[in-house]
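The values are calculated or read from the model by the stated rules, or taken from the named source; none is laboratory data. This is a predicted model, so every value here is computed, not measured. Here Cβ is always computed from backbone atoms with ideal geometry, including for glycine, and neighbour counts include all displayed protein chains. SASA here: full protein model, heavy atoms, side chains in, ligands and nucleic acids out. Shrake-Rupley method; radii C 1.70, N 1.55, O 1.52, S 1.80 Å.
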Amino acid sequence: MFKPGKKINFNSAKDLPPTPASVGDMTHNFTGSWRNLRPIIDYEKCIDCMICWKFCPEPAIFIEKERPKIDYYFCKGCGICVTECPVKCIAFEEEGK
Amino acid sequence: MKKVLMGNHAISIGATLSRVQVIAAYPITPQTQVVEKLSEIVANGELDAEFIKVESEHSAMAASIGAAAAGARAFTATSAQGLLLMHEVLHWASRARLPIVMANINRALAPGWTIWTDQNDSLSQRDTGWIQLYASDNQEVLDSLIIAYKVAEQLSLPVMVILDAFVLSHTYEPVEVPEQSEVDKFLPPFNPEWKLDVNNPHAFGGLTAPNIYMEFQYNHHNAMLKAKELINKEGEAFGKIFGRTYGNIDKYKTDDADYILLTSGTLARTSNIVVDSYREKGIKLGNLRVRTFRPFPTEEIYDALKKAKKVFVVDRNLSYGHSGIFFEETKASLYNSDLDIPIFGFVTGLGGRDVTPELITEIVEHGIKSEKPENDVIWMGVQK
């Protein structure tokens, strides 16, 4: 599910491009560590409408075998999927519990 | 071909000859004809450019930033309150190292509501990281536009070409308009190494942590220092093709002068007349016009002033509670040198009040008579 991207570190003024620019992609940046609340899908209740997948701003919800799946490496726990789910099958649980 | 052009149309033609690809501008007196003429030129198919009508100057600069980031040669023009509204994005343009060229018509700031010239609008942008060139005639306005792109694109720095409201913007002067083919030889197409490209995606201007932020500033500053050399080099290269040479400073009879006026913009042309009349009387007066204000040409100014007995800086601007700004900069940049001569700071001509040869003569008389400046600001022509 997760493929690490290329990370380039700049160590001195000589290495820098003229403008602060990302090089490669941001998949090395695990924003999932920012999360306080973890959304959990109850697949018994889920109707596979993919509304959570459409609304996820990151996007940290992807589709696997025609079902939505949350990528916890990148999900920041914003809760938009929890609010938008029409059958209320996504629960929000505190991290570390 | 020689044409009789107002300063504003000299800008439009300079931008056209530079083959700008994106023009985003908002009209403001006294800049309006710059935009009018360019919109005509684009509408007539004489220039292959996108003309973006924007809702404010902030948007004009923001659109120019987007265009330049995508690798297009971008142009805009503004004045006074419009330039102030751009302030936030001026920093963005230079820190993103985008070689945008902008013409700014020096207009005094409100209130009192005014449309006439002084330099406080552009000098308020001193620390935005833009190169600032102050022109003194319409020929220089046109030529500076072309040279500005050549310098900007080599250093990834934006350039402001600055001229006095009405004294140049609306005054018609004979201007030699260069041939397009000659300009093309001087100014190659813009092809930046770093640009927004769907086939090679980057995000620009993202989070820059403390471990590397300062290095970007270090590189920006060094590029500005390099600009001192490059402005002279490209000004000379331009001269070889077109017969008109430009540099950071413009010396008029300063080499043997006892007294030197330090001026900028059109004040310099009036001052040259005064220099000639003093020379006829056998008094060795000279005039040093500072054309590049950022980067500040400290070394060249030192060289030009080192044999003088007194320096009279004439500022059409004011930093309240301190002094005229060219005066402040000149004095500060020479403080650690071995030059120990009185430098006088005269403030005059604010809000477009006419600075006549008689007034410059009063300045020179005041300076010659006084042993030392009585204040950091010597007001000239004010009705106290």
Highest average packing first - B:257-264, B:97-104, B:83-90, A:34-41, Cβ atoms within 10 Å:
B:97-104, B:257-264, B:83-90, A:34-41
Would you please give the FRET efficiency between A:K97 and B:V382, computed as 1/(1 + (r/R0)^6) with r the Cβ-Cβ distance and R0 = 60 Å, to the nearest 0.05?
0.20
Can you tally the lysine pairs in the stretch A:34-94 where the Cα-Cα distance is under 19 Å and the two residues are eight or more apart, or on different chains?
9
When only DSSP loop residues count, what GluC sites (Glu not before Pro) in the stretch B:189-237 have their Cβ near at most 13 other Cβ atoms within 10 Å?
B:E193
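Beyond a 22 Å Cα-Cα separation, which of these cross-linked pairs lie in this structure: B:K37/B:K228; B:K226/B:K310; B:K253/B:K281; B:K226/B:K309; B:K185/B:K240?
Working: B:K37/B:K228 32 Å; B:K226/B:K310 30 Å; B:K253/B:K281 14 Å; B:K226/B:K309 31 Å; B:K185/B:K240 12 Å.
Violating the 22 Å Cα-Cα cut-off are B:K37/B:K228; B:K226/B:K310; B:K226/B:K309.
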Ordering of A:74-82, B:64-72 by burial proxy (mean other Cβ atoms within 10 Å per residue, highest first):
B:64-72, A:74-82
Express the carbon and sulfur contribution to the solvent-accessible surface of the protein assembly as shown as a percent, rounded to the nearest whole number, probe 1.4 angstrom.
53
Environment charge of B:L334, counting only residues whose C-beta is closer than 14 Å and scoring Lys/Arg +1, Asp/Glu -1:
-3
To the nearest 0.05, the calculated FRET efficiency linking A:R67 and B:V198 through their beta-carbon distance, R0 being 51 Å, is 0.95
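Net charge near B:K310: determine it from the other residues with C-beta under 10 Å of the C-beta of B:K310, scoring Lys and Arg +1 and Asp and Glu -1. It would help to have the intermediate numbers written out before the result.
On the way: positive: B:K309, B:K372; negative: B:D258, B:E371.
Taking every Cβ under 10 Å from that of B:K310, the sum is 0.
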Phi-derived 3J(HN,Hα) across the stretch B:12-28 with the Karplus relation (6.51, -1.76, 1.60, θ = phi - 60°), rounded Hz, x for Gly and Pro, is 4, 6, x, 5, 5, 5, 7, 6, 5, 9, 9, 10, 10, 8, 10, x, 8
Any idea of the accessible area per residue across the stretch A:23-97, 1.4 Å probe, to the nearest Å²?
65
Rounded to the nearest 100 Å², the accessible area buried between B and A, both sides, probe 1.4 Å, is 1300
If you roll a 1.4 Å probe over the heavy atoms of the protein chains, what accessible area per residue do you get for chain B, in Å²?
43
